[in-house]
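Laboratory data are not the source of any read-out in this text; all were calculated from the coordinates shown. None of the values given here were measured: they were computed from a predicted structure. Methodologically, a virtual Cβ is constructed for each residue, glycine included, from the backbone with ideal geometry; neighbour enumeration extends over all protein chains shown.
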């Protein structure tokens, strides 16, 4: 079959705009998956993804569709991750396509993420097919959606397809549009074989399996392949496509989307965005857009029970196999014992990994305050990168500290403009420009220090805008800033895991707030416990943990002794689950709570 | 202490005081369920009462009776709703097994069931201590607990009890009821004191699983306020002390000489024989509880079995641990010298280390080998108990 009859496309959408349901409909319509096998949301296979309605790993699938022109086309649908933390992954999935369905919820309209991803698609020169989904919702507002598409993304009304993934409206229109509007595979003329790695998974029997989009030439089992970013060679063991399960085929040709099993066993050797060519017919230029992915957010993860250290280590190792963006190395803390310094693409990525460690690997963990990478310059001219406040050198030798910023685009309703501007100010951000999206909404383009949005920015944005605000960001430049290390002392002893790097102007407020919150979260103790915040040994804020006054059980007679013992045993178990800091018991989730309940 | 006489089984090392031996009878009948109560109780049908009394008789036959019984306690449930004839029948079963007249024989009575006929039967069988559940004199607060009597019934019942010659009367009161202020509680307490009882128990309302109150708590209809409760405890201690009632346990106060000997024995880890469904026993080297089910209890008795649940062998470590956990709730404290004689083989190194930590935290005081909780420690007795766990755990 000629590559002229192949179409490669993806679906880009905001969270909850119905991407997965629509994908399932397409699989159904093309008989790729029988109705019986089609569980709700077929493409998202991780529980956590289903629960949160977001896709973390891409799952491509090949469909065959007999179009109205009588020809059967091969359609490769790429699923894309749906969150800002994974924008590089999104861009690689887009790079593997010639077209994209831009999905918009008929009731919600265009969101920040939709704009961001649409721009990514335009940048990849993809043909964008706008689809307004969920048109059968009572709250659907087609007029608004169409106007937004025109105004914000300059997409003409005539191109819009109306659909409902839920009830199957417009599915045929979409498939026909994919064939007629999206061009056949590009760059097939290139002389040497080239394919793009857009994802990979680890299989304990077969090693690393690369998910690839073939652009030119063919690759088959037995070939010696070459990874262009590193020059590493490996033997191809098997190639195949996704139907949606992996199915072995003889060779991958131009335009194909499939997988390559090779002799590579080490997950970090296969990098998303890399180009694979063949050793004996090596290409000279890589496919465009490759980047080294670097984690932006760091925190320490520690087992609550120190006996679980090995179990945690194994869990991190297994998670890393399928997620090369996640990095870790061992570290130790006076307060928390032995654990790991972990790096993540962003906050959601961090939350997901923590949740998977708890849930899938059954290790109770405790997390320290998240940090970004600070660049420190000493008077001696030494340059260092610090991703853990504990490692910040003595203030006396630091000439300057720079911190990473982000470029954010924030979509908000007009009436929350004042609150959001105040919040951006509070977070030390600057607004570069303001664009009107429609009668009710504006888009702010601003620069913010990354460490200011680490914890609560997105939550507050949602709450101030009653859920209507959305944000997308990309990394910005490093800026010199007046930063200091703030320590937190519990009962006089600094708890290294609570240390953070903050802007000097905000230290007082942050310290006060932190002490107050921590004092509330630590359950009443049998004696007075002070919580203090300090900079360079000078206390800047203080609060007290409530003293426990009464826990005695009133009735306790002969008949109650067995019962009472069970009660005390239960209390003792509860206490065991807490971390002991000297005489103070801190619940293991206090760190997360301190960060979240602001 | 009265010399009870000892047989071979119960004599211990030289210097050890002989152990008290008591009987507890659980009478599982109630006409309705109070919101705070988690005890086993059922409706008193004629058939059930007969099955119960036959069971008590059968259970009594399974016990290797040794030596005299110093105390008897009938609790429930509502023992007082048994008819005078049934009370007489129950008393006769017990009297067959007590060698001499017990020093103290208590019954719990609900005001609504106090009649002259019942009190006569009780008095004539040697019951010499009445414990009456009042809880509160406020109609509103009583309603909130699902209680079944009025303040008027309380006064009538109390008067009748005294008229019939009972010289040792306790009243049960409850505080920290939902919506109750400190002033309201003190007023309630004053009304109880005005009756001039010999003994007063004041119970801070406890939320136990499987009660109507617990459900209210989990639904957020009532709230816990430990700080408020602590204040009420302290106010209670002060008030009763002023009125001549000595506190001798967390919730118990008495005029001198009227402390409940039965309960003191259990807190000091003496021995007691529990009869009836859900009754707990501790004697002959074993601890165990009867099933909280009339039918199952009868069935096990027919098979010659009792105290089948939560069975534990009484080791020196377990008994020492419990002597401390429960004994420290008693104001008199725990006599370590006696305990060393009684439990020479226990892990004293552990106990001494724990006690000294708790002392450094201001929760207890040790002087001339007697450990007592401080007032602060008394309010935190559960934390103290939790710290002391570890010796006798499985």
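Observations
- Along its principal axes, region A:72-198 has C-alpha extents of 53, 37, 25 angstrom, given from the largest down.
- Remark: the residue A:318-residue A:505 segment gains 63.1 nm on full extension, using 0.36 nm per residue and subtracting the alpha carbon distance.
- Rg and Dmax of region A:297-367, Cα atoms only, in Å: 10.8, 31
- Hull volume in cubic angstrom per residue (convex hull over the Cα atoms of region B:301-375): 124
- Near-label residues of region A:382-406 by backbone N, under 19 Å of a point 7 Å along Cα→Cβ of residue A:431: A:406
- Residue A:407 versus residue A:546: modelled label distance in nm, points set 7 Å from Cα along the beta carbon direction: 4.9
- Look at the Cα gyration tensor of region A:67-119: its axes a ≥ b ≥ c give a/c of at least 1.5 with a/b at or below b/c, and that counts as oblate.
- When only Cα pairs below 8 angstrom with a gap of at least 6 residues are kept, chain A shows a relative contact order of 9 percent.
- Spin-label proximity, residue A:417 to region A:152-168 - amide N less than 18 Å from point 7 Å beyond Cα toward beta carbon: A:152
- Among A:465, A:430, the ranking by other beta carbons within 10 Å of each residue's beta carbon, starting with the fewest, stands as A:430, A:465.
- Rounded tilt (10° steps) of A:347-359 against the dominant C-alpha axis of chain A: 80
- Overall form of region B:29-116 per C-alpha gyration tensor (a/c, 1.5; a/b vs b/c): prolate
- Cβ-derived FRET efficiency at R0 22 Å, residue B:208 paired with residue B:186, nearest 0.05: 0.30
- Alpha-carbon centroids, region A:279-333 and region B:324-388: separation in whole Å: 52
- Mean separation of Cα contacts under 8 Å, 6 or more apart, over the residue count of region B:262-394: relative contact order %: 20
- Between residue B:332 and residue B:83, the modelled labels are 4.2 nm apart [label points 7 Å from Cα along Cα→Cβ].
- Calculated [θ] (222 nm, deg cm²/dmol) that DSSP helices of n ≥ 4 give over the protein assembly as shown, each run adding -39,500 (n - 2.57): -9500 deg cm²/dmol
- Each DSSP beta bridge with both residues in chain B is either parallel or antiparallel, and the antiparallel ones are about 40%.
- Under conditions of 37 °C and 0.692 mPa s, chain B yields 148 µm² s⁻¹ as its translational diffusion coefficient, taking Rh as the Kirkwood radius over Cα pairs in the Stokes-Einstein equation.
- Nearest-0.05 FRET efficiency for residue A:439 and residue A:176, computed from C-beta distance (R0 30 Å): 0.35
- Inter-centroid distance (Cα atoms) of region A:106-129 relative to region B:80-148, Å: 81
- Where Rh is the Kirkwood radius over Cα pairs, Rg/Rh for region A:374-481: 1.10
- The distance separating the Cα centre of region A:518-552 from that of region B:252-290 comes to 41 Å.
- Antiparallel content of DSSP bridges confined to the protein assembly as shown, in %, to 5: 70
- Residue A:67 versus residue B:217: modelled label distance in nm, points set 7 Å from Cα along the beta carbon direction: 6.9
- Reduced Cα scattering model of region A:203-322, Debye log10 I(q)/I(0), q = 0.10, 0.17, 0.18 Å⁻¹: -0.39, -0.89, -0.96
- Cα long-axis angle, helix A:504-521 against chain A (0 to 90 degrees, to the nearest 10): 80
- Shown for B:182, A:331, A:143: other C-beta atoms within 10 Å of each C-beta, ranked fewest to most, produce the order A:143, B:182, A:331.
- On full extension, the segment bounded by residue A:375 and residue A:493 gains 39.7 nm, given 0.36 nm per residue less the C-alpha separation.
- Ellipsoid semi-axes for the protein assembly as shown, based on the Cα gyration tensor and the rule √(5λ), read 73, 33, 29 Å when sorted largest first.
- For a paramagnetic label modelled on residue A:190 (point 7 Å from Cα along Cα→Cβ), amide N atoms under 17 Å away belong, within region A:256-272, to A:256-260, A:271-272.
- Once the chain from residue A:355 to residue A:157 is taken as fully extended at 0.36 nm per residue, the excess over their C-alpha distance is 67.0 nm.
- Cα long-axis angle, helix A:171-181 against chain A (0 to 90 degrees, to the nearest 10): 70
- Förster-model FRET efficiency, 25 Å R0, residue B:150 and residue B:225, C-beta, rounded to 0.05: 0.35
- Exposure proxy for B:297, B:185: other Cβ atoms within 10 Å of each Cβ, ordered fewest to most, give B:185, B:297.
- Alpha-carbon Rg with Dmax, taken over region A:410-467, Å: 10.8, 33
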